[in-house]
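Notes follow the structure.
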Amino acid sequence: MKILITGDKGFIGRHLRQSLISDGHIVLGIDINNENDRYNIRDINENIILNVDRIVHLAALADVRASMKDPNKWYETNVSYSVNLFRLAAKYKVPVVYASSSTVKEWWKSPYGTSKKVMEDMSRVYGRSVGLRFSNVYGDGARGSMLLPKLLSGQLQYCTNHIRDFVHVDDVVNAIKLFLNMDNFERLNKLVYQVGTGKGVKISDLVKKYGFDVPVKDGDVSEMADNTADIAELSKLGWTAKQDLDKYLKRKLNGNTKFKDYIQGLLSKITRFWSNWY
């Protein structure tokens with residue numbers, strides 16, 4: 001198949017693109033703000049839609065707190081551009097799998113959550129689409145500003161008692177591919193599916209478990225207290241989360257320790273060398 005990915009240079013988009021190409025698909029990518037791209041999400045038009053068999057719509061602004069400062073920008077990017085894509089895809093009967101967010105469960109708390117809620121509603125107007133509400137997606141290549149990269153790099157300054165459902169990017173990619181391989185979305189029982197492990201973890205407990213000593217503070221009012229996914233409907237379709245958070249964190253932390261030991265050993269050798277030289 002020839003598949004269009006919007007947001008193909010983002011965290012999930014890069015992993016999905018690589019997986020689809022490995023499967024033998026032809027992938028066309030567009031994004032939001034990269035001026036070097038041949039296409040931009042603002043430029044979605046009939047010629048692009050006519051040349052693809054499926055669309056995965058991932059392009060979006062995703063920072064909850066930042067959306068509070070510039071809600072109009074979040075609305076334009078996450079809603080207006082999406083509506084145009086849904087409209088054209090419906091006109092030419094191209095199925096769309098799009099990224100929603102667990103924040104929709106409490107959409108009123110932020111412009112970001114609201115934009116995703118409106119996006120879901122508008123997708124129903126045009127049909128031929130399925131939304132996936134991602135919980136906290138983690139894995140190699142995630143943005144440095146996200147919780148787990150901050151934790152692993154030692155840059156986490158505080159944590160909260162919020163409960164988060166951490167799902168690996170490989171499992172998210174498999175969920176997307178599950179729907180890409182479907183011929184008809186009209187047979188589905190739901191138009192939006194939650195994607196997570198179904199198991200929530202208290203952030204403060206996770207931080208303590210791995211030996212990090214950071215203060216616990218109240219979360220921002222724009223953030224959900226608990227975003228644990230209800231994966232019952234998705235599980236009925238044969239999908240399950242296979243990656244384990246603890247194994248991932250232990251592997252990454254062990255790698256960090258080995259790297260630090262290597263650097264310390266190298267510095268010790270350099271120090272001894274210069275000491276002997278002088």
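A short reminder: the numbers here are calculations on the coordinates, not readings from a lab. Computed from a prediction, not measured in an experiment: that's the story for all the values here. Virtual Cβ from ideal backbone geometry, glycine too; neighbours counted across all protein chains shown.
Its Kirkwood hydrodynamic radius, worked out from the mean inverse distance over all distinct Cα pairs, puts the stretch 87-148 at 13.1 Å.
Identify, among ILE44, HIS15, ASN254, the residue whose Cα sits farthest towards the positive end of the charge dipole of the chain, taking +1 on the Cβ of Lys and Arg and -1 on the Cβ of Asp and Glu, with the dipole about the Cα centre. Farthest along the dipole direction, towards plus: ASN254.
Taken along the Cα-to-beta-carbon direction at a fixed 7 Å, the label points for ASP205 and LYS217 span 2.4 nm. Label-to-label distance, THR240 versus VAL125, with points set 7 angstrom from Cα along the beta-carbon direction: 4.0 nm. Comparing Cα centroids, the stretch 193-259 and the stretch 98-168 end up 12 angstrom apart. Length, then width, then depth: along the principal axes, the Cα atoms of the stretch 23-106 run 38, 31, 28 Å. Here the stretch 38-81 was treated as a single set of alpha-carbon atoms; its pair distances binned every 10 Å from 0 give 23, 46, 23, 8 percent. Alpha-carbon geometry of the chain: the Rg and the Dmax are 21.0, 79 Å, given in that order. Only Lys, Arg, Asp and Glu carry charge here, each on its Cβ (+1 for the first two, -1 for the last two); on that basis the chain has a dipole of about 520 debye about its Cα centre. Sorted into 10 angstrom bins from 0, the C-alpha pair distances of the stretch 182-232 split as 19, 32, 27, 14, 9, 0 percent.
For the stretch 116-170, applying the loop criterion from DSSP together with a ceiling of 16 other beta carbons within 10 Å to the trypsin sites (Lys or Arg not before Pro) yields ARG143.
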